[in-house]
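See below for the structure under consideration.
The values are calculated or read from the model by the stated rules, or taken from the named source; none is laboratory data. Here the structure is a predicted model, which means the values were calculated and not measured. In this analysis, Cβ positions are derived from the backbone assuming ideal geometry, glycine residues included, and neighbour counts consider all displayed protein chains. Side chains included, ligands, DNA and RNA excluded: accessible areas come from the protein's heavy atoms. Shrake-Rupley method; radii C 1.70, N 1.55, O 1.52, S 1.80 Å.
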Amino acid sequence: MDFKEKYNGYLEDFDRTLKLFCDNLDCRPQILCDSLKYSLDSGGKRVRPVLALAVSDMLGVDKRKVSNFALAIELIHTYSLIHDDLPEMDDDDFRRGRPSNHKVFGVGNAVLAGDGLLNTAYSVLLKECRKGVEFVSAAEFICDCAGVYGMIAGQSADLMHEHDKNFNEATLNFIYENKTGKLLTAPVVVPSILGGGRCYSELKTFGRDLGLLFQITDDILDVEGSFENLGKSVGKDGKEEKYTSVNLYGLDGAKLRADVLAERCRTLLEGIDGDREFLLQFVDFVRGRKS
């Protein structure tokens with residue numbers, strides 16, 4: 001089975017979970033339900049759920065134990081995208097080739113849609129906690145990755161440093177490790193927690209480095225990519241003087257940094273027993289992506 005075929009297999013597995021969730025979503029008023037489903041149904045690569053399922057396979061953990069955690073992570077990720085596109089944040093009119101949530105439903109409803117997805121994710125996690133202590137630990141890990149010790153902290157630092165004239169690596173790493181890295185670490189580490197903690201530290205480091213690689217690749221694509229491939233505006237980071245790896249290292253330096261991170265990710269995986277082939281190819285997929 002080649003990489004694309006296996007990726008699509010994981011994607012189909014998760015899409016069944018997501019479809020069941022959306023089919024049972026019946027909140028009121030209707031505009032709230034419509035706005036939630038609009039962003040959840042907008043496609044995307046579903047990188048985080050795919051990672052959760054792939055790491056489960058590598059560790060020999062039953063994917064059924066992981067599926068609702070993957071759902072919760074995707075709900076959190078989708079809420080973050082809705083809020084990230086708002087005028088007060090990145091002010092982007094498009095997401096995945098379609099108008100952003102706030103352009104369709106208005107800013108107020110987009111805020112509520114994001115809030116609704118986050119709270120519903122926590123409801124999903126609380127239900128999982130009834131199954132045992134390892135499920136509690138996995139839920140706690142996701143909450144920490146999404147909250148003030150993770151993604152929220154990174155987003156706040158990103159806004160605070162938006163118009164800085166001087167860039168330094170420590171600040172950039174803090175932003176990237178939290179804003180992007182924590183929510184890519186969660187799906188990698190959760191299967192380890194549910195599997196008794198096997199390879200916990202290695203996978204935590206792998207998730208961090210993969211998150212850095214993912215964000216630096218985003219920076220490169222903001223310079224070299226296109227709306228047709230990305231489905232969102234390009235060139236905004238430079239115009240808005242965002243704190244990015246391209247601004248710190250230059251375009252060639254950012255590419256070199258991405259290559260180093262990709263190699264670090266591969267080295268970490270090669271130290272783990274199990275079928276690592278898909279995840280090794282996943283690293284190459286992240287480094288070489290065009291969208």
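A few points about this structure:
- Selection status of Phe105, farther than 26 Å from Asp219 by Cα, within 17 Å of the chain's Cα centre (by Cα) and touching a residue at least 24 places away in the same chain (Cβ under 8 Å): no
- Residue ranges of helices (runs of 4 or more DSSP H) in segment 1-98 with at least 2 members small (Gly, Ala, Ser) and either open to solvent by 60 Å² or more (accessible area, probe 1.4 Å) or without any contact (Cβ under 8 Å) to a residue 12 or more places away in the chain (or both): none
- Segment 185-198, residues that are touching a helix residue (DSSP H, G or I) at 6+ places or on another chain (Cβ under 6 Å) and open to solvent by less than 50 Å² (accessible area, probe 1.4 Å): Thr185, Ala186, Pro187, Val188, Val189, Val190, Pro191, Ser192, Ile193, Leu194, Gly195
- Restricting attention to segment 273-284, the residues that are surrounded by fewer than 18 Cβ atoms within 10 Å (Cβ to Cβ) and either out of contact with any Leu (no Cβ under 7 Å at 6 or more places or on another chain) or among the small types (Gly, Ala, Ser) (or both) total 6.
- In segment 108-133, the residues that are open to solvent by 60 Å² or more (accessible area, probe 1.4 Å) and more than 20 Å from the chain's Cα centre (by Cα): Leu112, Leu126, Lys127, Arg130, Lys131, Val133
- Close contacts from segment 125-136, counting a first residue that is under 14 Å from Ser67 (Cα atoms) and touching a residue at least 40 places away in the same chain (Cβ under 8 Å) and a second that is acidic (Asp, Glu) and surrounded by 14 or more Cβ atoms within 10 Å (Cβ to Cβ), with Cβ to Cβ under 8 Å and a gap of 6+ residues or different chains, come to Phe135/Glu128.
- Number of residues in segment 11-50 that are more than 27 Å from Val283 (Cβ to Cβ) and of a type in the set (D, E, K, R): the value is 7.
- Filter pass, Val47 being β-branched (Val, Ile, Thr) and farther than 22 Å from Phe141 by Cβ: no
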